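Okay, so here's the structure we're looking at.
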Amino acid sequence: MKAERVWKAVALAFAAVAAAATLHVWLSGFRYRETLAQKRDNLRQISVYAERWAREEALRNRWEAQQAWSPAELDDMVARTLGADAAAISPPQATPAGAGWRRSTATLEVKAGPYAAAAGLLTGLGAGAPPWRLREINFRPAAEAGQGTMSLAVEALEKVHP
Amino acid sequence: MARGFASAYGVDWAGGRLLLVRAAPRGAPQSVVDAPTESEEAVRALGAAAAEVSQGRAALAVAAPAVQTFVRRLHAPFASPAKAAKVWNALLDVELPFPVESAQCAFGSPQVAAGATTSIAAAVRKPDLEAAVAAWRAEGCDPTHCDVEALALWDQQNAEVPPVRGDLSRAVVWLGADHVALVRGRGTEFLAAHVLRIPPAAEQAGRSAFESLWAERVPRILAAHLAETGADGMDLWWAGTGAEDGTWLARLRQLLPSGGLRHETHRQPAAFLARALARRAMAETGANFLQGAAAHPALVRMRARAHRRVYLGIVAAALAILAMNGATAWVRGRRLVAVQAELTAAARAIAGDTVVYGEEVLAVQRALPARDAETEAWRSALDPIGVEGLLAGAIRDAAAFGIQIAHLKMTGAAMAMEGSAADAPAIDHLGESLRGQGWTIDSHSPGAAADGRPRFILKGTLRHEG
């Protein structure tokens with residue numbers, strides 16, 4: 001009889017633990033589903049945010065794939081299109097552009113010369129990959145038609161450590 | 001609880017004969033032996049059954065002495081069987097000629113009808129039972145079950161010959177060696193049992209004395225039964241060793257009223273009770289006076305094993321449930337960890353490594369302006385028009401309207417242009433054209449130049465569509 005009582009007590013203890021565990025799992029299920037839904041919702045929200053820069057990332061990936069890591073040398077471009085000493089070029093200023101890239105900004109003070117040459121310079125700067133893009137231009141025509149001085153601010157993206 | 005038994009034996013001793021019937025979980029009970037008690041065959045068969053019983057593989061059922069067993073229908077005025085169970089002993093005590101405390105009792109399944117609970121109760125005095133058990137053991141039979149003869153007969157009657165109608169009145173007449181039992185009922189419902197002793201005298205003298213008792217008592221019992229059930233007639237089913245004696249059977253029938261009685265004799269009538277005992281012990285549907293201190297050790301062991309099996313089953317089920325709960329918790333945990341890892345990675349890709357757990361969205365929202373600024377150069381690189389395109393458009397329009405530009409400053413957001421035109425409408429046309437290219441233009445004229453051409457100053461800001 002004592003053995004039977006022990007068996008009964010053990011069985012009841014196991015049954016009680018199983019019932020308690022089941023109750024706990026059942027009750028915690030509500031919180032689990034709520035937490036999981038919240039995390040998935042947060043993930044969706046962050047994915048939407050990440051989509052904002054999808055085009056930019058696609059461009060970067062393309063350049064990475066093409067190993068297009070540096071823009072054309074400004075000095076060379078100016079010398080080739082405007083002639084040597086035709087413009088004063090400030091040293092480029094760099095700011096971070098994410099994922100190991102930087103944004104280089106430079107100013108060109110183009111001495112008096114023909115607009116056509118300046119237009120050719122802009123076309124040449126924009127043709128490369130990565131291109132130099134014009135951010136600001138300030139020009140004053142000279143007395144002679146079709147000529148003047150120009151101040152250009154240009155920028156380009158550049159891989160920091162290709 | 002008899003699920004531990006592989007078979008069950010029913011034993012009946014009748015006039016020096018041993019009738020042993022074996023019941024299996026399936027199929028009808030089969031006669032094992034029907035031979036004189038002292039015969040080698042009978043002794044061997046009983047010994048084999050006793051061996052199975054001692055090994056806990058078989059049950060061995062006998063019937064309590066019918067003349068010492070009291071069977072009563074008890075009525076409690078409660079619709080609750082649990083409540084009624086508390087008063088069965090008190091009600092039975094009133095019905096018995098001896099105190100219920102001195103009796104071994106067995107109660108049938110309670111039936112609830114019309115706000116009352118009914119149960120069949122059987123009782124035998126403990127000393128009578130102990131004496132019977134001692135006598136059976138002396139015969140080499142140590143029973144595990146001691147059933148109620150009348151109830152076993154009635155149950156077997158319903159099992160072998162189910163009533164064709166629910167209200168069919170009928171009775172079993174058991175012609176034993178030392179007594180006759182008359183068990184009567186309606187349909188399958190047991191109503192009452194009556195036992196008539198056969199005087200222990202020389203066969204013919206004993207029978208003559210009994211026939212007088214039979215002729216006096218039984219017609220009255222049957223008449224009362226018909227009155228109680230409201231039936232016009234009834235079936236009488238004969239069984240027992242006495243039913244094999246056609247002469248005596250005919251004599252007893254002659255002593256009964258001829259009208260309304262239909263007589264039938266069971267097949268293998270002598271083993272009818274043994275069949276009933278074996279079947280009820282196998283199915284554990286019968287009564288058993290051998291309970292508590294009187295219980296057979298094999299039955300106690302078997303019940304303990306059955307209990308242990310139940311407890312083991314509970315433990316196994318509990319372990320399975322715990323394992324399932326553990327697996328559920330583990331799967332949930334893994335899923336949360338996976339989603340959290342994905343979430344952290346997505347947040348870090350935007351906000352950097354300093355993302356606090358639980359504040360991923362907030363960290364990303366805080367990082368948006370910086371990330372926007374960081375990626376501004378990329379958007380500029382993607383811009384198909386850019387400042388270059390705006391500049392080209394402005395210079396092209398100026399040339400088209402004969403405008404001379406004296407100064408031009410332009411960024412991606414604003415422009416300022418000074419110059420002179422051939423006439424005032426040309427300035428207006430230039431303004432309109434620039435508006436068409438997305439500029440918001442503010443124009444004014446500071447007067448005429450030295451050559452008389454009207455001068456202008458245009459200031460524009462770029463509209464951001466959408």
Going through (1) over 22 Å from A:Asn138 (Cα atoms); (2) surrounded by 17 or more Cβ atoms within 10 Å (Cβ to Cβ) one by one, A:Ala86 fails only at (1)
Checked segment A:126-148 for anything in contact with a Pro (Cβ under 6 Å, 6 or more places away or on another chain) and at the interface with chain B (Cβ under 9 Å from one of its Cβ atoms); matches are A:Pro130, A:Gly148
Exercise. Might you check whether a residue that is touching a residue at least 12 places away in the same chain (Cβ under 8 Å) and either in contact with a strand residue (DSSP E or B) (Cβ under 6 Å, 6 or more places away or on another chain) or at the interface with chain A (Cβ under 10 Å from one of its Cβ atoms) (or both) occurs anywhere in segment B:290-305?
Key: yes
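To keep it simple, each residue is scored yes or no on (1) closer than 30 Å to A:Trp132 by Cα; (2) open to solvent by less than 70 Å² (accessible area, probe 1.4 Å); (3) of a type outside the set (Asp, Glu); (4) in contact with a Pro (Cβ under 7 Å, 6 or more places away or on another chain).
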position: B:Glu342; (1), (2), (3), (4): no, no, no, no
position: B:Ala346; (1), (2), (3), (4): no, yes, yes, no
position: B:Ile350; (1), (2), (3), (4): yes, yes, yes, no
position: B:Val356; (1), (2), (3), (4): no, no, yes, no
position: B:Gln365; (1), (2), (3), (4): no, no, yes, no
position: B:Asp372; (1), (2), (3), (4): yes, yes, no, no
position: B:Glu376; (1), (2), (3), (4): yes, yes, no, no
position: B:Leu382; (1), (2), (3), (4): yes, yes, yes, no
position: B:Val387; (1), (2), (3), (4): yes, yes, yes, no
Just a yes or no: is a residue in segment B:415-437 at the interface with another protein chain (Cβ under 7 Å from one of its Cβ atoms), open to solvent by less than 30 Å² (accessible area, probe 1.4 Å), within 30 Å of A:Arg103 (Cα to Cα) and of a type outside the set (Asp, Glu)?
-> no
Checking B:Thr229, B:Thr247, B:Thr241 in turn, the sole residue that is within 44 Å of the chain's Cα centre (by Cα), more than 30 Å from B:Ser102 (Cα to Cα) and assigned by TED's automatic domain parsing to the domain that holds B:Ser169 turns out to be B:Thr229
Counted residues in segment A:39-55 being facing another protein chain (nearest Cβ under 7 Å) and either open to solvent by 70 Å² or more (accessible area, probe 1.4 Å) or in a helix (DSSP H, G or I) (or both) come to 10
Worksheet item: Somewhere in segment B:77-100, is a residue in a strand (DSSP E or B) and touching a strand residue (DSSP E or B) at 6+ places or on another chain (Cβ under 7 Å)?
Response: no
When segment B:146-173 is checked residue by residue, the ones that are surrounded by fewer than 24 Cβ atoms within 10 Å (Cβ to Cβ) and under 14 Å from B:Thr265 (Cβ atoms) are B:Glu160, B:Val161
Over segment A:99-114, the set of residues surrounded by 18 or more Cβ atoms within 10 Å (Cβ to Cβ) and at pLDDT below 85 is A:Gly113
Flagged pairs (Cβ under 8 angstrom, 6 or more apart or on separate chains; first in segment B:443-466, on the phi > 0 side of the Ramachandran plot; second surrounded by 10 or more Cβ atoms within 10 Å (Cβ to Cβ)) are B:Gly447/B:Pro454; B:Gly447/B:Arg455
The strands (runs of 3 or more DSSP E) lying wholly within segment A:64-162 that contain at least 1 residues that are of a type in the set (Phe, Trp, Tyr) are A:101-114, A:133-141
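The values are calculated or read from the model by the stated rules, or taken from the named source; none is laboratory data. Since we're looking at a predicted model, the values are computed, not measured. For neighbour counting, all protein chains shown are included, and Cβ atoms are generated from backbone atoms with ideal geometry for every residue, glycine included. Protein only, heavy atoms only, side chains kept; ligands, DNA and RNA dropped before computing areas. Shrake-Rupley method; radii C 1.70, N 1.55, O 1.52, S 1.80 Å.
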